[in-house]
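Worksheet: the structure to be examined is printed underneath.
The values are calculated or read from the model by the stated rules, or taken from the named source; none is laboratory data. Nothing here was measured: the structure is a model prediction, and the numbers come from that model. Positions of Cβ are generated from backbone atoms using ideal geometry, with glycine treated the same way; all protein chains shown enter the neighbour counts. These accessible areas exclude ligands, DNA and RNA; they are computed on the full protein's heavy atoms, side chains included. Shrake-Rupley method; radii C 1.70, N 1.55, O 1.52, S 1.80 Å.
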Amino acid sequence: LGGVLTALHAGRRPDDFSALVTLCSGDAHFRTWPGASQAGLWVFYRAFRAISRTVGYLPGQHLHWGGPVARGVILDWTSWGVTGRHRGSAGQNLDALLRGARCPALVVSLSDDPMAPRSTVDALAAGLTGAPVTRWHLAPHELGVDKLGHFGHLRGPAALWDRLADWWDGPAGGI
């Protein structure tokens, strides 16, 4: 979700961004997920939506899904996941913001990330139509480690950060 929100912000304020990097962030729409997981994900979104409306927030700490999450965040995110359209709480068209990002963008996925499969990250990259996009799909062994998962990039490995720095200094224009 963080990469999507950052990309939306880059489209809202294109003059404020010299580059955009997203790591392990994909499009939420259930149809962008690998085939067998689509039906389950649709049910998952509907359940999280119902829980958030009933309780007033998502008690993620009781669902093995992080901590508490604000109702509005869950309602927006699950709406994106079910409809495939990025709309704000007030109904504004956020898809136009994705298209509004103009800076060089690096969109990175990891082969062993179950929370942002390659197809979802490809869909996010495809939505950045106004930006020159570099797309990387990396396997842990390419970075000198056995596994990374969804959050492994936060604990290293240095090889990933070295590659990002090389991109930053090269295709991103030496920002």
*asked:* Please pick out the residue among A7, A28 that is within 23 Å of D169 (Cβ to Cβ) and not charged (D, E, K, R).
replied: A7
*State the number of residues belonging to segment 133-149 that are assigned to a loop (DSSP other than H, G, I, E, B) and either surrounded by 15 or more Cβ atoms within 10 Å (Cβ to Cβ) or among the small types (G, A, S) (or both).*
5
*Taking segment 36-94 only, how many residues are farther than 20 Å from G26 by Cα, of a type in the set (A, V, I, L, M) and assigned to a strand (DSSP E or B)?*
2
*List, please: which pairs have Cβ atoms under 6 Å, are six or more places apart or on different chains, and start with a residue in segment 58-84 that is under 17 Å from M115 (Cα atoms) and end with one that is open to solvent by 30 Å² or more (accessible area, probe 1.4 Å) and part of a helix (DSSP H, G or I)?*
G67/Q61; T78/R49
*Is it the case that segment 90-106 has a residue that's in contact (Cβ under 8 Å) with a residue 60 or more places away in the chain, more than 15 Å from G3 (Cβ to Cβ) and basic (K, R)?*
yes
*Would you please list the contacts, defined by Cβ atoms under 7 Å and residues six or more apart or on different chains, that run from a residue in segment 17-43 that is farther than 21 Å from L97 by Cα to a residue that is of a type outside the set (F, W, Y) and open to solvent by 50 Å² or more (accessible area, probe 1.4 Å)?*
Q38/R31
_Looking only at residues that are in a strand (DSSP E or B) and open to solvent by less than 30 Å² (accessible area, probe 1.4 Å) in segment 1-31, which one is farthest from S79 (Cα to Cα)?_
L20
*Quick one: in segment 32-61, of everything that is open to solvent by 50 Å² or more (accessible area, probe 1.4 Å) and of a type in the set (A, V, I, L, M, F, W, C), which residue is nearest to V82 (Cα to Cα)?*
W42
_Looking at A90, A125, A159 in this structure, which one is modelled with pLDDT under 95 and open to solvent by less than 80 Å² (accessible area, probe 1.4 Å)?_
A159
*Which residues, counting only those in segment 99-110, are open to solvent by less than 10 Å² (accessible area, probe 1.4 Å) and not in a loop (DSSP other than H, G, I, E, B)?*
A105, L106, V107, V108, S109, L110
